[in-house]
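These notes concern the structure reproduced below.
Nothing in this text is a laboratory measurement; each read-out follows from the coordinates by a stated rule. Because the structure is predicted, anything quoted here is derived from the model rather than measured. A quick note on method: Cβ atoms are made from the backbone with ideal geometry, for glycine too, and the neighbour counts reach across all protein chains shown.
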Ligand code: 5GP
Ligand code: MN
């Protein structure tokens, strides 16, 4: 069922005990929206727990109330009046899905590929970030945003828009950001915190760039992080941004070997709908930024993803 934001607010108000969760491989929007909603609900006197069933990038550890995130359910069966799933669909919350089985689910998301299976969904695919939706929700809930909550929201909006560079940045995104600054956010501190990297990752970035391959008459560019290179790098965050800027490249992608027979794909596009490519491979995302997992050896995964991108580029012509 598709919900209005007013109905979302009503359900949150009616619940006493609430679990907030977001997607595995959590990004700034997943963590920022979870912590902002946690803080807003706490301000309304709710009993709230946040579960994100995965490791979280070090750069996000300075977000207010980060220590309240529980990173594993330890197989425990959880109790709540309501489970709020943020920034993804039901099948991407890891072990939290099983731990909350049978509980009422409320899903808030901005991914166009979310079909709302098995949940009551508020979807705004035009919102730049789930944090932008949570910002709007704060108005409906009449919760005043303090500097800490505003910092969580700003971090999610800034990271999902590439610091207001991407096509998902809309006038209301910038209005929200302006209000968040008025609430006390210091944008330079957020960007410094988010963008900093260990030396090893910057060196790894140089190594990764050496794997650059150009396909389909310059329309696609890929980076290939195999098992060996993967061991030297803590995070591949931002690697894809190094190649999506290449003149003439319509689809940039990164293939990352995470384990034997398990590879992750990130895609960025200027024209082609990469969410469709990701969906056909069991993933999802947005028109211009999407991802998926491929359960295959690295070389096979390389062929699968390159072929899928080639087809999409051909079909778009
Ligand atoms: P990234 O390349 O930054 O990991 O992901 C780009 C976008 O695609 C993000 O909005 C992310 O949530 C989404 N995405 C990435 N991987 C997957 C996936 O495996 N499944 C789904 N449903 N979405 C994904
Ligand atoms: Mn998001």
Some residue of segment 231-238 being without any contact (Cβ under 8 Å) to a residue 40 or more places away in the chain, closer than 22 Å to residue 125 by Cβ, more than 16 Å from ligand 2 (Cβ to nearest atom) and touching a strand residue (DSSP E or B) at 6+ places or on another chain (Cβ under 9 Å): no
Elements of type helices (runs of 4 or more DSSP H) contained in segment 80-183, each with 1 or more residues being within 14 Å of ligand 1 (Cβ to nearest atom) and buried (at least 19 other Cβ atoms within 10 Å of the Cβ): 130-140, 147-160
Test: residue 287 is over 20 Å from residue 168 (Cα atoms) and within 19 Å of the chain's Cα centre (by Cα): no
Residue 212 being surrounded by fewer than 17 Cβ atoms within 10 Å (Cβ to Cβ), without any contact (Cβ under 8 Å) to a residue 40 or more places away in the chain and touching a strand residue (DSSP E or B) at 6+ places or on another chain (Cβ under 9 Å): yes
Any hit, segment 66-78, residues being within 16 Å of ligand 2 (Cβ to nearest atom) and out of contact with any strand residue (DSSP E or B) (no Cβ under 6 Å at 6 or more places or on another chain): no
Qualifying residue in segment 43-55 (condition: closer than 16 Å to residue 88 by Cα, without any contact (Cβ under 8 Å) to a residue 60 or more places away in the chain, out of contact with any strand residue (DSSP E or B) (no Cβ under 6 Å at 6 or more places or on another chain) and in a loop (DSSP other than H, G, I, E, B)): yes
Hits in segment 245-277 (condition: within 16 Å of ligand 2 (Cβ to nearest atom) and in contact with a helix residue (DSSP H, G or I) (Cβ under 9 Å, 6 or more places away or on another chain)): 267, 268, 274
Some residue of segment 11-30 being part of a loop (DSSP other than H, G, I, E, B), in contact with a strand residue (DSSP E or B) (Cβ under 7 Å, 6 or more places away or on another chain) and more than 19 Å from residue 142 (Cβ to Cβ): no
Total residues in segment 215-257, condition farther than 18 Å from residue 289 by Cβ and loosely packed, with under 15 Cβ neighbours inside 10 Å: 9
Segment 187-200: number of residues that are in contact (Cβ under 8 Å) with a residue 24 or more places away in the chain and loosely packed, with under 14 Cβ neighbours inside 10 Å: 4
Count of residues meeting criterion [free of Cβ contacts under 8 Å to residues at least 40 places away in the same chain and within 18 Å of the chain's Cα centre (by Cα)] in segment 76-91: 2
Subset of segment 16-34 [surrounded by fewer than 24 Cβ atoms within 10 Å (Cβ to Cβ) and over 21 Å from residue 151 (Cβ atoms)]: 16, 17, 18, 24, 25
